Amino acid sequence: MTGAALAAVAVGVILEDVPVFAAGGGVLALLILFAVLGGKRRPAGGEPPVGRLALARIEDLRATGGESADVPVKFRLTVAPEPEDARPAYRVKITQHINLVDLPAYRPRGIAVVEYRPDKPWDVRIVTRPTPEWARRAEEAEIDSAPDSTLVSNPDVDEGSWCLLVLLAFLAGAVLVVLLFRGPLFTAVNDEDTPPDSPSTSSSSSTSRTFTTSTTVSGPSSSLLTFGRMRATAMELESRVETAYVTEVTIEDRRMAVSGDSTRPPTETFHLQSLPYELLPALVREARTTLGVRTPETWRIDITPPSGDGVGPRVRITVSGPEGTAHLDADATGRVVDRRGVGETDWTSRSAAPGANSGADCARSGRGAPLLEYARVLSLSALPRVRRSVRGRRCDRGRR
């Protein structure tokens, strides 16, 4: 009935039907009123019978846990009522909280004082603080175990079954009301879900993806300088990022990493398989032996897209050691285009640029090296005078 009343209220609100809403609300109010009055009414017959004391034999007990001082204990007892009750001994199972301090006093085959109700023999409670007379009787008494067939329990329906029946009745009433109004109810719901006619619009969006991944090789011959190892590792990284066009590649002795950005134009990316991996080990050996790093400790290859008017990716090999850091630049074909030894700077390279052919020729011949070294420590204002001196000496040697 409660389910039907609630369903009627809901259907009345959806359909905006005042009679249905009023009927459901009225029934629901009556049910609440009956529940309140029924709870206040006391059962006939006056007060329940007072519990009686008796002795009981502890057949078995088991503590079921607990975090407080009082732990729940399951008892299996044989209760022996007093002779005036004219009732034979019977068995019962109870659960009662016992303080940890009092728990050692209860042991199997021991005697305890209990309180029970003659009209509900399964309602038994152990008296933890009996009077001195009952305590003395418990110490002197001997009670035989009752057979298992005398076990008593609460014959009423348990709470779980009762809740299940209430739930089923509630659902049945709700389903009944919904079925009665299924026609107008579902029609109204479909009308609300159907949007009004509107011009269709379409939109498209593009997504960008930036990625960085790396891998480390291991094993007895795990150096990436091993022939074929770099290209195989590059193919592995290509399958991992699902694209061959990247913006940066970094290679170390046992590690290779790639980075990319899908928003970059094609001129700012390069294909992983277009790099001269087979020529890179020789370039690393050249950088380690010709740039003034006598004891090279680490090396690294950085490959980036072309800059300016360059064609193909740019390869830079950096070598570091106790003496300092040096690097060597090469193009996509493995041809060396620039080298910077230990201690050399960009200003040093500009001083030996093609615009200073006379000084460059003297440096290559070995005769003008002291003057160039002297020019490096002069100020910019004195540099033109040193260059004229270098040219003059070269011309004098030519006349001789």
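The values are calculated or read from the model by the stated rules, or taken from the named source; none is laboratory data. Predicted model only: the values in this text are computed from it and were never measured. Cβ: placed from backbone, ideal geometry, glycine included. Neighbour counts: every protein chain shown. Keep in mind that these areas ignore ligands, DNA and RNA; they rest on the heavy atoms of the full protein, side chains included. Shrake-Rupley method; radii C 1.70, N 1.55, O 1.52, S 1.80 Å.
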task = Please list 327, 97, 271 in order of solvent-accessible area, largest first, computed with a 1.4 Å probe with all protein chains present.
result = 97, 271, 327
With DNA, RNA and ligands ignored, accessible area of residue 74 (1.4 Å probe; Å², nearest 10) = 90
request  = Could you please put 129, 339 in sequence from largest to smallest accessible area, using a 1.4 Å probe?
outcome  = 129, 339
Full-stretch length increase - residue 36, residue 125 - with 0.36 nm per residue and alpha-carbon distance subtracted = 28.9 nm
task = Over the range 215-330, give the accessible area per residue in Å² for a 1.4 Å probe, as an integer.
result = 50
ask   = If each of residue 240 and residue 289 carries a label point 7 Å out from its Cα toward its Cβ, how far apart are those two points in nm?
value = 3.2
inquiry  = Using protein chains only and a probe of 1.4 angstrom, how many square angstrom of residue 70 are accessible, to the nearest 10?
reply    = 70
message = Loop-only GluC sites (Glu not before Pro) in the range 91-154, please: DSSP not H, G, I, E or B, and at most 13 other Cβ atoms within 10 Å.
response = 142
ask   = Top to bottom by accessible area (1.4 Å), largest first, where do 125, 137 land?
value = 125, 137
Environment charge at residue 212 (Cβ cut-off 12 Å; Lys +1, Arg +1, Asp -1, Glu -1) = 0
key: Size of electric dipole in the range 234-307: Cβ of Lys, Arg +1 and of Asp, Glu -1, about Cα centre, debye, nearest 20   = 280
